[in-house]
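Enquirer: Okay, handing you the structure first.
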Amino acid sequence: MDFEDAGLYRDITDFARDTPTWVQHTAEIWTEAGLLVFAALFVTTWWRARRSTPRAFAIAVLAPLATAVAYVCSELLKSVVTQERPCRAVPGATDSLAACPPPGDWSFPSNHAAIAGAAALTLALARHALLWLTAPLALLMAFSRVFVGVHYPHDVAAGLAFGALVAVAAVRLTTRPATRLAEAMRTASAPAFVRWLTGPEEARPPYRR
């Protein structure tokens, strides 16, 4: 099957082969290491949210969980679509920089892009200012999957949109019960380890007659 963006895929992979070796190696590293960057952002966002409101803390905890849900949904969609990888399917394409995944590891949508899109928006829900960092990181990760030759452009575009949509919906649907749980876990009667994980209970204003 020849997709409309197969020509764009060839253009990008040809360009990738003409870039300096250090650029190629950086792209190969980033296409996987970017996931670790998002993981570190999840941890730091959780840590900051420990001293914020129960709702903010709940969203910070839900962000990686919703991203995991988006990944699972992306993987399920892959098993339904069963689109072959471009590094095997596109005629006349240059060799991919990254090793072409084995047959049966389908192409649409890109799981990496789905994770990146989900992480970018859920982190922004937890802390709005992070969008200026997470959005470029997600776009860069998505592009790197085409650059190293393992995905079509439409794979990563769909992955970004699908992952973001699923993850944001998951956070929106679970924020209220997660906030109530966070409030309960922050009470003085909760075990010390639980209170360390969730942060201190909010100080209440003094009662006035």
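Enquirer: Under 6 Å between Cβ atoms, at least 6 apart or on separate chains: pull out the pairs that start in region 96-107 with a residue that is open to solvent by 50 Å² or more (accessible area, probe 1.4 Å) and end on any residue that is modelled with pLDDT of 85 or more.
Expert: Note: pairs meeting the criteria are 106/78; 106/82; 106/83.
Enquirer: In region 84-95, which residues are in a loop (DSSP other than H, G, I, E, B), buried (at least 19 other Cβ atoms within 10 Å of the Cβ) and not hydrophobic (A, V, I, L, M, F, W, C)?
Expert: 85
Enquirer: Taking region 41-62 as the region of interest, how many residues are closer than 30 Å to residue 98 by Cα and open to solvent by 50 Å² or more (accessible area, probe 1.4 Å)?
Expert: 1
Enquirer: For residues that are at pLDDT 90 or above and among the charged types (D, E, K, R), scanning just region 159-187, find the one that is farthest from the chain's Cα centre (by Cα).
Expert: 176
Enquirer: Could you please find all residues in region 161-172 being open to solvent by less than 40 Å² (accessible area, probe 1.4 Å) and touching a Gly at 6+ places or on another chain (Cβ under 8 Å)?
Expert: 163, 164, 167
Enquirer: If you don't mind, another one. Is it the case that some residue within region 137-147 is in contact (Cβ under 8 Å) with a residue 12 or more places away in the chain, out of contact with any Leu (no Cβ under 9 Å at 6 or more places or on another chain) and crowded, with 24+ Cβ neighbours inside 10 Å?
Expert: Within region 137-147 (the criterion being in contact (Cβ under 8 Å) with a residue 12 or more places away in the chain, out of contact with any Leu (no Cβ under 9 Å at 6 or more places or on another chain) and crowded, with 24+ Cβ neighbours inside 10 Å), the answer is yes, since at least one residue qualifies.
Enquirer: Can you find even one residue in region 63-83 that is touching a His at 6+ places or on another chain (Cβ under 9 Å) and either open to solvent by less than 20 Å² (accessible area, probe 1.4 Å) or over 25 Å from residue 8 (Cβ atoms) (or both)?
Expert: No; the residues of region 63-83 include none that is touching a His at 6+ places or on another chain (Cβ under 9 Å) and either open to solvent by less than 20 Å² (accessible area, probe 1.4 Å) or over 25 Å from residue 8 (Cβ atoms) (or both).
The values are calculated or read from the model by the stated rules, or taken from the named source; none is laboratory data. Fair warning: this is a prediction, and the values are worked out from it, not measured in the lab. No Cβ is skipped: glycine too gets one built from the backbone with ideal geometry, and neighbour counts run over all protein chains shown. Side chains are part of the model used for accessible areas, which takes the heavy atoms of the whole protein and leaves out ligands, DNA and RNA. Shrake-Rupley method; radii C 1.70, N 1.55, O 1.52, S 1.80 Å.
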